[in-house]
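To start, the structure under review is shown below, and the notes come after it.
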Amino acid sequence: MSLFMAPADAADFPGKSRTDWRVSKDAQAFLPRTPAALRVPVVVFGEDRRFASERAVVLVDAGYQQVREVIEPAWAGLDWTLDTAAPTLADWPDAWRRWWLAANPEARRVWVEQGLAPALRQAVDQGALTEPESAARQRRLVANVDSDPERMRGLPGFTAPLAGARFVHDQRVDNVPVTDSARLLDLSPILGRPATAIVLQRCQSIPLPAPVEGNWGAAPQSKPQCLVPARWLTTTLEALASHWPEPALRLSDEVSLWTPSVPVPETLPAPRWRSANGAGAPVKPAVQDLRSDDALQLKAMAPGGDGTFLLGVDRQARVEGEQRWIAELWRLDPGAQQVQVLWRAAEGADRLTDAASGVYFSGRIFGETLPALFRYHHGQVTPLPLSEDSRRALQGGAWVAAGERVWLVERGVDGIRAWRDETLSSRRTVPRGTALPGRLRVLGGGGDALWVEDDHGVAALAWKDGVTRRAFPVPPRLAGAPAVTYPDGLDPRTALVEGAGTVSEAGGWLATAFALEGPDARAGVHVLDTDKGTVLASIVLPGATRVRLAAASPDGCCLALYDDGGALTLWRARAGTMAKLLAPPATALADLSFSADGATLHGVGGRLLMSWPLD
């Protein structure tokens, strides 16, 4: 069987037809300012529709040559002359290619193999995708019915000529550009049997009122409207009715009326739902109120092994005679009533990255435009020497600690740099962030790899070269049926949602957020094994719509989750069972972290430092 011919049993002659059409010359059928010469009777499909329909499509249960011999003389009466140059599939309008692909599984397979798979294979070669990811995307794309005519024209399997003819005429009527078009298409490649389609359409560009003088931006000068003069359709139907009975004709204003649906295979792992169970009475926190004469907001923290805390703070202060918000780094010693201010700048200390060599953070000092890198070590904060290019890379980036090293991950995860020997290494491009469209978000360091989440699922990127070492699909993060995006081959249900996740090297697991809407709305995190990619649990947070904070215990046993409803819970990560219910914090939390021994969970927010004992 030819690639261009659907299986003989692909589809019977379509049974659906729209009979709810009429001829209208109402003013509502046209755009305002349509010249009188163009306000001819037009076709309107739909009893409740007032605006002119954009096209008329007639299907004829007869071969192309037969229909052409009948239609050509009738259209000659409209002063139409057909161009019979043989089109290819790429020349077909999008809606007809979609119908053809939907009816022809072999054509979809070849289109994916020739037109889409090369880009996916190249992404594998570049280190952006893994082989299993590429294979999963191709399986989904075989159910896709979208195509790119320019790409299709260059493929050997899609260049054979097909029977067809068209009439196109451009003119100006009262200075309005008008394009009249009529098309005959041989439907045998779609239906696997003799059948023909006729498409009628006029498109005109109606001028808009002149823009008001002084308006910003370039206002459009015209608005398009497509419609069907009724005379065209009645002339066509009269000619057809003289040769074929009414059951041999089908009418619509959209080709989609006849396009069959193609089910997308389920390629995502199933969730393993886990809900809160009895966990005893809520654990109450110890609360320390860091009062100040100035308004302040605790936003980040790094608990020390000796009971000290480093705190990132936004505080109102008078600077050069003006009241404004500034950033500070505080040290709070055990039992102390006063904090020690270690660092002050215009902004920064939004995130504190605790590594073996110190606590790293970035900030912008007063009077400068670019951020700088700072390190707290042995009670002192010191600025680290960086070039202007390196300081620019700090903007929007994230510091990630992995073992003895600290890494700067650029915004969007386009590149990574290592901090080593008091210098920042040269930029290492991340293929997954540059070769593929989409968003990447840092989950955290997992030993020899950087874990990220994206619209496919989760992936581990090698620190040394940014290459994707392994990647795993995740259960749906969004509600819906299996679907596929073109040309990427993603399932839109795995798109990133707003919500926090984390990774535990010690526990060998990671957590990525989901937020399902609809009748069965639920939010929480999917927990996956970082070695095998298996789904360990899908933890549902009661009443939540978003996970705001997530933290892993040092031993990898527990996962703390704080949601947008203000609830704070502790879970056994791999089992997906609740370990403790923690009393809700007295203020919204901005950061969450375990103590070094895992015996306490700390949170900061507002001016409060809260500590929940877990023993």
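Values quoted throughout were computed directly from the atomic coordinates according to the rules given, and no laboratory measurement underlies them. Just so it is clear, the model here is predicted, and its values are computed rather than measured. Using ideal geometry, Cβ is built from the backbone for each residue, glycine included, and neighbour counts are taken over all protein chains shown.
As a rough guide to protection, the peptides 286-299, 477-490 ranked by mean Cβ packing within 10 Å, highest first, stand as 477-490, 286-299. Extent along the principal axes, Cα only, for segment 548-595: 28, 19, 15 Å, with the longest axis given first. Helix 117-126 and the long axis of the chain differ in direction by around 20°, with both axes built from C-alpha atoms. The orientation-averaged projected area of the convex hull spanned by the Cα atoms of segment 1-155 comes to 14.3 nm².
All C-alpha to C-alpha distances of segment 493-596, sorted into 5 Å bins beginning at zero, yield P(r) values of 2, 14, 25, 27, 19, 10, 3, 1, 0 percent in whole numbers. Protection proxy ranking of 83-90, 375-382, 51-58, by the mean of other Cβ atoms within 10 Å over each peptide's residues and highest first, is 51-58, 83-90, 375-382. Measuring spread by the Cα atoms of segment 325-435 yields a radius of gyration and Dmax of 14.7, 52 Å. Straight-line cross-link partners of K16 among the lysines, defined as a Cα under 29 Å from its Cα and at least 8 positions apart when in the same chain: K25. Each distinct pair of alpha carbons in segment 270-381 adds a 1/r term; the inverse of their mean, the Kirkwood radius, is 16.2 Å.
Working ranking of peptides 305-318, 175-188 by packing, defined as the average number of other Cβ atoms within 10 Å per residue, highest first, is 175-188, 305-318. For segment 20-104, with equal point scatterers placed on the C-alpha atoms only and solvent neglected, what are the log10 I(q)/I(0) values from the Debye formula at q = 0.15, 0.16 1/Å, to two decimals? For segment 20-104, the Cα-only Debye profile gives -0.89, -0.98. Which lysines, on any chain, are close to K284 with Cα under 28 Å apart, when same-chain ones fewer than 8 places away are left out? Partners within reach: K299, K580.
A full extension of the chain between E131 and T159 corresponds to an added length of 7.1 nm, given 0.36 nm per residue minus the alpha carbon distance. Report, in degrees rounded to the nearest 10, the 0 to 90 angle that the Cα long axis of helix 131-141 makes with the longest principal axis of the chain. Here the helix axis deviates by roughly 40 degrees.
Mean silhouette area of segment 99-199, derived from the convex hull of its C-alpha atoms and averaged over all directions, reads 9.2 nm². Counting every alpha-carbon pair across segment 196-344, the share separated by more than 23 Å comes to 74%.
Extension gain for the segment D520 to Q122, taken as residue separation times 0.36 nm less the Cα-Cα distance, is 139.4 nm to one decimal. Computed from the C-beta positions of T369 and S426 and an R0 of 25 Å, the FRET efficiency is 0.60 to the nearest 0.05.
I'd like the orientation of helix 230-241 relative to the chain: the angle between its Cα long axis and the longest Cα principal axis, in ° from 0 to 90, rounded to 10. Taking the Cα atoms of the chain, the angle to 230-241 is about 60 degrees. Eigen-decomposition of the gyration tensor built on the alpha-carbon atoms of segment 253-335 gives equivalent ellipsoid semi-axes of 52, 28, 13 angstrom, largest listed first.
In the chain, the calculated helix contribution to ellipticity at 222 nm averages -3500 deg cm²/dmol per residue, counting -39,500 (n - 2.57) for every DSSP H run with n ≥ 4. For segment 293-358, the Kirkwood hydrodynamic radius from C-alpha pairs, put into Stokes-Einstein at 25 °C and a viscosity of 0.890 mPa s, yields a diffusion coefficient of 195 µm² per second. Relative to the globular-protein estimate of 2.2 N^0.38 Å, the Cα radius of gyration of the chain stands at 1.28. Computed over segment 418-517, the P(r) curve from all C-alpha pair distances, binned at 5 Å from the origin, holds 2, 12, 21, 22, 19, 12, 6, 3, 2, 1, 0 percent per bin.
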